[in-house]
Every structure is written in structure tokens, then in C-alpha cells.
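Novice: This structure is in C-alpha cells; I'll ask about it shortly.
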Number of protein chains: 2
Amino acid sequence: MNQSSHQYTTTNTRILLAKRPTGWPDESCFQIEACAEPECGPQDVTVQAVWLSLDPYLRGRMDAGQSYAPGFALGKPMVSRVVGRVIESRNERFREGDFVWGFLDWALRTVVARGEGLHKIGPELGRPSLAISALGMPGLTAWVGAIELGKPSPGDTVYISSAAGTIGQLAGQFAKRAGARVVGSVGSDDKVDFVLKHCGYDAAFNYKTRDMDDALSELCPKGIDVYLDNVGGTTLEAALRHANVAARFPLCGMISRYNEVKDPGVRGMQLMVSKRIVMTGYIVYDHVHKLPAYQLRAAPWFNAGEMTFHEDIVHGIEQAPTALLGMLKGDALGKRLVQVCAV
Amino acid sequence: MNQSSHQYTTTNTRILLAKRPTGWPDESCFQIEACAEPECGPQDVTVQAVWLSLDPYLRGRMDAGQSYAPGFALGKPMVSRVVGRVIESRNERFREGDFVWGFLDWALRTVVARGEGLHKIGPELGRPSLAISALGMPGLTAWVGAIELGKPSPGDTVYISSAAGTIGQLAGQFAKRAGARVVGSVGSDDKVDFVLKHCGYDAAFNYKTRDMDDALSELCPKGIDVYLDNVGGTTLEAALRHANVAARFPLCGMISRYNEVKDPGVRGMQLMVSKRIVMTGYIVYDHVHKLPAYQLRAAPWFNAGEMTFHEDIVHGIEQAPTALLGMLKGDALGKRLVQVCAV
């Protein structure tokens with residue numbers, strides 16, 4: 001490590017997956033470990049983490065291998081998207097001070113062998129943290145779902161679950177730009193206010209306090225043309241009931257299923273036929289080649305203030321497990337990040 | 001009526017929907033009625049029914065309005081695709097002796113007001129009965145599902161439920177022509193033999209006597225790339241489990257659901273996301289504009305014997321209710337028709 005970087009501690013800390021959860025995970029699934037500083041070998045790059053991204057898909061990777069990506073190894077660090085700064089580089093592609101992002105261990109400092117999988121964050125993105133949210137893979141997830149698969153026409157009704165989440169807040173604004181009427185479901189009254197005020201939603205409801213069919217009848221009086229599903233379960237069932245003919249249902253995750261041991265099934269699937277619905281499961285990694293074009297297209301919207309992105313920031317790496325658990329239960333307002341150190 | 005047509009009786013018979021079924025329908029849902037001969041008014045066309053088509057979707061239309069088409073009226077005749085001959089025409093578009101098809105009452109003879117909805121069957125189709133099966137809407141249903149939505153590549157595995165049914169026997173042959181490996185599930189050992197011998201299937205199994213997961217593991221060792229669903233339910237669930245990444249699931253009907261009062265739901269829908277499956281409900285009426293091109297393309301295949309189509313013919317209009325009930329229970333080998341009179 002570069003000893004001139006006095007702002008960084010000399011003792012590293014990382015967070016391990018200590019136990020696989022059954023159903024909802026809890027604190028006992030994680031272990032905070034003090035560990036040795038990593039050594040930067042030839043061609044390697046040492047990164048000081050600044051922001052860790054907490055996303056629902058991490059729950060799936062805590063299982064042994066049920067999700068689309070291999071499960072995290074037991075006793076090894078949790079991994080997620082991390083924005084950091086290069087504090088030592090023995091690789092000509094990176095310089096000290098560069099902002100970078102990659103899938104990195106949950107650790108204060110990590111050595112990235114040969115810099116592989118590290119991406120430089122250029123100044124054109126504005127806030128560097130957007131590289132792992134609005135202008136990164138989550139943003140592309142929202143774009144592909146709301147626009148490429150949803151294909152909203154002006155006047156269409158686009159319904160989005162988890163509307164206040166990372167994908168939801170962006171998808172709502174994209175659909176609104178496309179001229180759609182945008183309706184969201186969220187899990188608290190605060191989130192209703194948030195998506196109406198900040199994310200371009202025309203209407204939203206708290207699914208914990210309202211009957212879903214009543215709410216959709218009232219807020220989507222012309223039916224649903226696009227449903228961007230983040231949750232599955234009874235929310236997906238209600239969307240099927242209120243869908244219009246030829247509706248598009250991009251599915252980008254089923255958070256309601258991640259923590260259930262027993263699968264109750266999705267009822268009403270025969271409506272897929274009678275309403276000629278197209279349901280498309282997708283994973284953003286299949287679309288990663290579109291990221292540069294997406295960034296060039298969308299960055300000016302954020303830089304000009306035409307779109308906004310709200311981050312829910314928790315401070316301190318040791319808070320990451322609690323912050324993840326809370327996010328899975330729905331306590332984040334906007335995209336949850338753990339800020340590990342000052343920028 | 002034209003009194004010179006001595007081969008036809010002068011007393012008409014028709015079959016009415018007497019009662020809406022709850023769950024599985026039975027004979028008491030139908031009423032056979034002797035009725036007056038229809039009168040052919042100006043511009044009208046009188047049709048002698050020759051073949052009535054019996055299809056699974058008819059079950060849905062016996063309900064009040066749950067299906068994609070309005071329910072049949074209580075106390076009114078059942079309606080389905082009928083091939084018949086014109087026995088009287090006061091319309092310049094039709095001549096006595098023409099073979100025609102249309103959605104007609106289940107009756108020996110029907111007057112079609114102004115000939116609307118009647119389609120002439122040209123000699124290029126070969127057997128006139130194919131106009132309501134292999135070269136009609138059912139054939140187009142199979143084509144759209146197996147080819148247009150299924151998009152099989154050579155070497156892909158295409159799995160088809162109800163493989164011996166109208167859609168199944170055609171879809172299997174289309175997928176085979178496209179170079180796919182074709183696997184079917186059917187409800188009897190006779191049907192296994194039938195689809196292997198006559199419909200181009202590479203493999204098939206009787207779902208009533210084999211565990212579906214075992215059968216799919218053995219017969220689809222490389223997984224499923226296209227699943228053409230006719231049944232929904234546990235068959236669809238098994239297909240999700242054995243699907244490959246980027247599989248296509250055209251859904252053209254869910255016969256397993258038509259007679260169930262309680263919907264058990266489709267489990268495993270989260271596999272839609274992890275496997276990036278595209279599920280497309282479709283109804284052939286949306287594709288009716290493609291019928292002429294489909295007929296021109298496919299008719300030579302049947303006329304040259306490159307494709308075959310097996311009809312399961314029951315004789316006598318009074319047999320139609322029993323024949324429909326049996327078909328819904330799976331007793332038809334091939335496409336079930338009721339032959340009402342000699343050609």
C-alpha cells in the first residue's frame with residue numbers, strides 16, 4: 001500500500017458471508033473481520049472503496065446456487081458493485097486517484113489482480129456514484145425493461161412495482177419521458193410521496209395499506225399496457241388481472257420470492273393467452289454491450305437536471321449487513337449505498 | 001330451401017347450449033332440438049353442414065365470458081368452425097355446390113345472412129376439411145406458435161404438450177421441418193405411437209404414466225429451447241424447470257385450466273428471470289391476415305404428402321356433445337370432427 005495516503009487506515013476490514021440464510025437472512029449470516037492489508041503485486045491495482053451498492057439480487061447470491069449467478073462462497077467476502085479510488089496502481093491502465101468501479105469484495109481496500117474487471121469512471125458521468133446506479137447497470141436495467149421491452153407509446157399506462165427502488169425510480173422517469181401515464185406501487189406512504197414528487201409518477205399507492213385491485217382500478221382506469229415486475233407473487237397476479245390486450249410484462253426480479261421457502265405459484269396465468277401478454281424475463285448482463293451508448297444518452301439528462309436519482313446513503317462499512325437486511329425489508333428510500341469513506 | 005336437393009331432410013336439427021357448466025361439462029349442458037328449416041332471404045346463403053370442428057377453446061365459450069371471446073348465449077346453438085356446401089344461394093358471391101367454411105351454428109342447415117363470414121374453399125387446399133384444420137386457423141395457430149414465436153434453430157429442442165392434438169401434430173411437423181429435435185407429451189400410449197409414427201416427433205411420453213421431470217430429463221437431455229404450451233398447470237411448471245436460457249414459450253391455450261374452479265397457480269415463475277424466458281400468449285385471430293400466405297405455403301406440403309394431418313371423425317350431428325366432452329377428456333386421436341352428412 002502507498003504509505004503516502006494518510007487518510008486511509010492501515011488495518012483492513014471486510015465482511016464475510018458466515019451462514020446461508022433459510023428464508024429471511026439476519027445479522028448472523030454475516031461476519032465482520034479485521035484482516036491484513038492486501039499487497040499490490042505487479043500489474044495489480046489497489047482500490048479504496050468509497051460506495052458499496054446494496055441490491056436485491058444479493059439475497060439470491062447468498063443461497064448456494066439457485067439464482068442466475070453462482071452463490072457467494074461461505075466464509076468468503078460478500079461482493080457487490082463498488083465505486084472506489086485507486087490508491088496504488090502497478091498497472092498502466094490506472095492511475096492513483098482514478099475513480100473506478102467493479103464487482104469488488106466488501107472491504108475497505110481490495111487488490112484487483114491485473115486490474116481485471118475494473119472500469120474507469122469518466123467525468124462525463126457527473127457524480128461518480130452514478131456509475132453503479134443511474135448510469136450503470138441498474139440504470140440500464142430500468143431502460144431495457146421500461147423502454148426496450150416495455151415499448152410504451154404515448155398515452156399508455158405503465159405500472160411499476162417497487163417504484164421507489166433503484167430500478168423503479170428510473171423506470172418511472174423513462175416511461176414518463178416516453179409520454180406514458182406512470183403508476184407505481186410502493187411499501188410506505190413516504191415512498192408514495194417520494195415517487196410522486198421526484199420520479200415523475202402520475203399516481204402511486206401503498207400496497208401495504210390498500211387493496212391492490214381497488215388501487216389499480218382507480219389509478220389505471222384504462223388498464224395496464226406495461227407492467228415492469230420486480231416482485232412477482234400477488235403483485236404480478238393483480239397486474240395480470242388489470243392488464244390490457246397485448247400488454248408487455250418485463251420481469252427483472254422477483255423479490256417476493258427470494259425469501260420464501262414455499263412457492264405459492266402465480267394464479268391467473270391463463271390471462272396470458274386471453275390477453276395476448278408478452279412476459280419477458282431478462283437479466284441486464286445480457287445487455288451489458290449497450291452500457292456505453294446508454295451512458296452517452298442518459299448522462300446529459302442527469303447532468304441537466306431533467307432526471308433525478310435519489311440515493312439512500314448509510315455510513316460505515318460495518319453497517320453494510322444491517323443496511324442490506326433493511327433494504328430487503330423495504331426500508332430504503334431510493335438506491336441504498338454504503339459510504340465507506342469520504343470522497 | 002332448394003327443394004331439388006333430395007338428399008337432405010326437410011326437418012332441421014340443431015344443438016343448443018342448455019346450461020353453463022361448473023367444472024367439467026356433461027351431456028346435460030346440451031339440448032338437441034328439432035327445428036324449422038331456415039329461410040333463405042335476399043342476399044342470403046343456405047349451407048348444409050358437412051364437418052363441425054370440435055376444439056378445446058369451445059369449453060371456454062360455454063362460460064359466461066371468462067374467455068377471450070364472448071360466451072355462447074344460453075338456449076342458443078353452439079357455434080364452431082363448420083365446413084359445408086352451399087345448397088341455396090341468393091348471393092352472387094356463392095354458387096350452389098360451393099364448399100365453404102365459417103363460424104356456424106351446430107345445425108344441419110343454416111342460413112348465413114348476406115353470406116357474411118362465409119369463406120369459399122378453393123380446390124388448391126385438397127381435402128375441403130383441411131380448411132378448418134391443417135390449412136385453416138388451427139394450422140396457422142401451430143405455425144405462429146412453433147415457428148414465428150418459437151423461432152426454432154436447427155438442433156434446438158422443441159417440446160410440445162397435447163402433441164397428438166390438432167395444434168400439436170402440426171406444430172411437431174413444422175418444428176421438425178425447421179431442423180429441431182421435437183419432443184411431445186400426450187395422454188395415452190396410443191398417442192405416443194401416433195406422434196412418433198405420423199407427426200415427425202423424435203420422442204414422446206405419456207404424462208399419465210411417467211414422471212414429467214424424469215421424462216424431460218431423459219428425452220430433452222440438452223434442455224428445452226421452445227415449449228409450445230397448450231395446457232398450463234404442472235406441465236408448464238415442468239417445462240420451466242427444464243428450459244434453457246433464452247427459451248421461448250408460446251402459450252396458445254391452457255386446457256388444464258378450463259375445467260378447474262380453483263386455480264393452483266404456476267410455481268417456479270422466478271425461473272422466467274433467471275433463464276431469461278420469453279412467454280408469449282397469443283390468439284390466432286390476431287394473425288388471421290396471414291392465413292392466405294400460410295395456405296399458399298403449406299398446402300403443397302400436404303398435397304405432396306410431406307406433411308400429414310390425422311382427423312378423428314365422429315358421425316352424426318347428435319353425437320357432437322359426446323364427441324366434444326370426450327375430446328376435452330383426451331379421447332381424440334388427431335383433430336376431432338363431426339361429419340354431419342356425406343360429402
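The values are calculated or read from the model by the stated rules, or taken from the named source; none is laboratory data. Bear in mind that the values here come from a model prediction, so they are computed numbers and not experimental data. Positions of Cβ are generated from backbone atoms using ideal geometry, with glycine treated the same way; all protein chains shown enter the neighbour counts.
Novice: Taking the options B:Gly232, B:Gly253, name whichever one is crowded, with 21+ Cβ neighbours inside 10 Å, at pLDDT below 95, in contact with a Pro (Cβ under 9 Å, 6 or more places away or on another chain) and facing another protein chain (nearest Cβ under 10 Å).
Specialist: When all the criteria are applied, what remains is B:Gly253.
Novice: Give me the pairs, please: first residue somewhere in the stretch A:42-66 and under 20 Å from A:Asn91 (Cα atoms), second residue anywhere and in a strand (DSSP E or B) and polar (S, T, N, Q), beta-carbon distance under 6 Å, and either six or more positions apart or on two chains.
Specialist: A:Val45/A:Ser89; A:Val47/A:Thr110
For every residue, the table says whether it meets (1) within 14 Å of another protein chain (Cβ to nearest Cβ); (2) modelled with pLDDT under 95; (3) touching a strand residue (DSSP E or B) at 6+ places or on another chain (Cβ under 7 Å).
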| site | (1), (2), (3) |
| --- | --- |
| A:Glu237 | yes, no, yes |
| A:Val245 | yes, no, no |
| A:Gly265 | yes, yes, yes |
| A:Ile283 | yes, yes, no |
| A:Ala298 | no, no, no |
| A:Gly305 | no, yes, no |
| A:Pro321 | no, no, yes |
| A:Leu325 | no, no, no |
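Novice: Which condition from (1) without any contact (Cβ under 8 Å) to a residue 24 or more places away in the chain; (2) farther than 30 Å from B:Gly253 by Cβ is the one that A:Asp286 breaks?
Specialist: Of everything listed in (1) without any contact (Cβ under 8 Å) to a residue 24 or more places away in the chain; (2) farther than 30 Å from B:Gly253 by Cβ, A:Asp286 misses just condition (2).
Novice: Oh, and also: Could you tell me how many of the residues in the stretch A:156-187 are touching a Phe, Trp or Tyr at 6+ places or on another chain (Cβ under 8 Å), of a type in the set (A, V, I, L, M, F, W, C) and in a loop (DSSP other than H, G, I, E, B)?
Specialist: Residues that pass the stated criteria total 2.
Novice: Could I ask something else about it? Just give me the residues in the stretch B:198-222 being part of a helix (DSSP H, G or I) and modelled with pLDDT under 95, in sequence order.
Specialist: Correct list: B:His198 only.
Novice: Within 14 Å of another protein chain (Cβ to nearest Cβ), of a type in the set (Gly, Ala, Ser) and under 30 Å from B:Pro70 (Cα atoms) - does that describe any residue in the stretch A:203-219?
Specialist: So far as the stretch A:203-219 goes, no, none of its residues is within 14 Å of another protein chain (Cβ to nearest Cβ), of a type in the set (Gly, Ala, Ser) and under 30 Å from B:Pro70 (Cα atoms).
Novice: Select from the stretch B:299-343 the residues that are surrounded by fewer than 15 Cβ atoms within 10 Å (Cβ to Cβ) and touching a Pro at 6+ places or on another chain (Cβ under 9 Å) and write down the one among them that is farthest from B:Pro128 (Cα to Cα).
Specialist: Here the answer is B:Glu306.
Novice: Under the condition of being among the β-branched types (Val, Ile, Thr) and more than 22 Å from the chain's Cα centre (by Cα), which residue from the stretch A:15-46 is farthest from the other protein chains (Cβ to nearest Cβ)?
Specialist: Filtering the stretch A:15-46 for residues that are among the β-branched types (Val, Ile, Thr) and more than 22 Å from the chain's Cα centre (by Cα), the one farthest from the other protein chains (Cβ to nearest Cβ) comes out as A:Thr46.
Novice: Something else about it: With respect to A:Gly316, is the statement that it is out of contact with any Gly (no Cβ under 7 Å at 6 or more places or on another chain) and facing another protein chain (nearest Cβ under 9 Å) true?
Specialist: Criteria not met by A:Gly316.
Novice: From the list A:Asp211, A:Asp190, which residue is over 29 Å from A:Ala293 (Cβ atoms) and without any contact (Cβ under 8 Å) to a residue 12 or more places away in the chain?
Specialist: Just a single option satisfies the conditions, and that option is A:Asp211.
Novice: If you take the residues in the stretch B:20-44 that are part of a loop (DSSP other than H, G, I, E, B) and of a type in the set (Asp, Glu), which one is nearest to B:Thr322 (Cα to Cα)?
Specialist: B:Asp26
Novice: May I pose another question? Condition first: touching a helix residue (DSSP H, G or I) at 6+ places or on another chain (Cβ under 7 Å) and either more than 13 Å from B:Ala64 (Cα to Cα) or aliphatic (A, V, I, L, M) (or both). Now tell me which residues in the stretch B:10-30 satisfy that.
Specialist: Residues satisfying the conditions are B:Thr13, B:Ile15, B:Leu17, B:Ala18, B:Pro25, B:Asp26, B:Glu27, B:Phe30.
Novice: Quick one: A:Gln66 ticks every box in (1) modelled with pLDDT of 90 or more; (2) over 24 Å from A:Gly115 (Cβ atoms) bar one, so which box is it?
Specialist: A:Gln66 satisfies every listed condition except (1).
Novice: Here is a list: B:Val226, B:Val231. Which entry is in contact (Cβ under 8 Å) with a residue 60 or more places away in the chain, under 24 Å from A:Leu271 (Cβ atoms), assigned to a loop (DSSP other than H, G, I, E, B) and in contact with a Lys or Arg (Cβ under 9 Å, 6 or more places away or on another chain)?
Specialist: Result: B:Val231 is the single residue among B:Val226, B:Val231 that is in contact (Cβ under 8 Å) with a residue 60 or more places away in the chain, under 24 Å from A:Leu271 (Cβ atoms), assigned to a loop (DSSP other than H, G, I, E, B) and in contact with a Lys or Arg (Cβ under 9 Å, 6 or more places away or on another chain).
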